[in-house]
Amino acid sequence: PERWWASYRAVILRYASVAEESGAWVLSVGSELSAQESEEGRWRSLIAEVRARFQGELTYSANWDHFDQVPFWSALDMIGVSAYYEVASRPESSLEEMKARWSQVRWSLLDWRARAHPTRPLLFTELGYPSHVEGAVRPWHYSASREVNMEVQRRAFQAFREVWRGDEAL
């Protein structure tokens, strides 16, 4: 663990310097590092070091299934979520079914944020649906099917756009 943290610190501090030099407005201090997320003290220390090099906003990209377990959100400016939510129970799910599922996800995310971190906006750091028949059923599983289906992918993205359009929490 010590070697990993030392190496990661060097990498993220280099990225912070590059981000500052290039005028970036936001930097993610990590992405889906779930095995390390419980190391709250290490993260808070690293975030403080990054802030000393980068003047923009900071986030972390938590996986969609455990964003609510990240203990260091209060040290960051935004709550980043990799949003690979299941929005279909079957490939034939309609746009309305997908919108209903995204509405449930939206309510859950906003409710948690209002209770835990009301001043921090949400940032979808990743969102994707593979262009295969299982794309909205298991969006994180890019090789779940070899059967291409662009329509499933289109409906899933449309459902996201329609449910979140104009939301000021983002």
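For helix 95-116, report the angle its Cα long axis makes with the longest principal axis of the Cα atoms of the chain; keep it between 0 and 90° and round to the nearest 10°.
30 degrees
Show me the chymotrypsin sites (Phe, Trp or Tyr not before Pro) within segment 5-51 that DSSP assigns to loop and that have at most 12 other Cβ atoms within 10 Å of their Cβ.
When the chymotrypsin sites (Phe, Trp or Tyr not before Pro) of segment 5-51 are filtered for loop state and at most 12 Cβ neighbours within 10 Å, Trp25 remain.
Within 10 Å of each candidate Cβ there may be at most 16 other Cβ atoms; applying that plus a DSSP loop requirement, which trypsin sites (Lys or Arg not before Pro) in segment 109-170 survive?
For trypsin sites (Lys or Arg not before Pro) across segment 109-170 that sit outside H, G, I, E and B with at most 16 neighbouring Cβ atoms in 10 Å, the list reads Arg146, Arg165.
If you take every DSSP beta bridge fully contained in the chain, what fraction is antiparallel? Give it as a percent rounded to 5.
Antiparallel bridges: around 10 percent, rounded to the nearest 5.
Between Tyr129, His66, Pro91, whose Cα lies farthest towards the positive end of the dipole of segment 66-144 when Lys and Arg beta carbons carry +1 and Asp and Glu beta carbons carry -1, centred on the Cα centre?
His66
Report the charge-dipole magnitude of segment 1-148 in Debye, nearest 20, computed about the Cα centre from +1 at each Lys and Arg Cβ and -1 at each Asp and Glu Cβ.
Its charge dipole is roughly 240 debye.
Assign unit charges at the C-beta atoms only (+1 for Lys and Arg, -1 for Asp and Glu), then state the dipole size of segment 45-117 relative to its Cα centre in Debye, rounded to the nearest 20.
Magnitude of the dipole: close to 160 debye.
With axes computed from alpha carbons, what is the tilt in degrees of helix 150-164 against the longest principal axis of the chain, rounded to the nearest 10 within 0 to 90?
60 degrees
In Å², and per residue, what accessible area does the chain have when probed at 1.4 Å with the other protein chains present?
It amounts to 53 Å² per residue over the chain.
Where does helix 2-22 land angle-wise versus the long Cα axis of the chain, in degrees 0 to 90, nearest 10?
80 degrees
Per DSSP H run of n ≥ 4, the term is -39500 (n - 2.57); total these for the chain, divide by its residue number, and report the mean residue ellipticity at 222 nm rounded to 500 deg cm²/dmol.
-14500 deg cm²/dmol
How much of the accessible area of the chain, in percent, comes from carbon and sulfur atoms when a 1.4 Å probe is used? Before the final figure, lay out the partial values.
Working: 4440 of 9020 Å².
Carbon and sulfur atoms account for 49 percent of the accessible area of the chain.
Would you mind calculating the gained length between Leu127 and Asp111 on full extension (0.36 nm times residue separation, minus the Cα-Cα distance), in nm to one decimal?
Extending this stretch completely gives an extra 3.7 nm.
Kindly provide the chymotrypsin sites (Phe, Trp or Tyr not before Pro) of segment 53-135 that DSSP labels as loop, not H, G, I, E or B, and whose Cβ sees at most 11 other Cβ atoms within 10 Å. Could you put the intermediate results ahead of the total?
Numbers: sites: Phe54, Tyr60, Trp64, Phe67, Phe72, Trp73, Tyr84, Tyr85, Trp102, Trp107, Trp112, Phe124; in loops: Phe54, Trp64, Phe72, Tyr84, Tyr85.
Answer by residue number: there is no such site.
The values are calculated or read from the model by the stated rules, or taken from the named source; none is laboratory data. Keep in mind that what you see is a predicted model, and the values were worked out from it rather than measured. Reconstructed Cβ throughout: ideal geometry from the backbone, glycine too, with neighbour counts over all protein chains shown. For accessibility, only protein heavy atoms count, side chains too; no ligands or nucleic acids. Shrake-Rupley method; radii C 1.70, N 1.55, O 1.52, S 1.80 Å.
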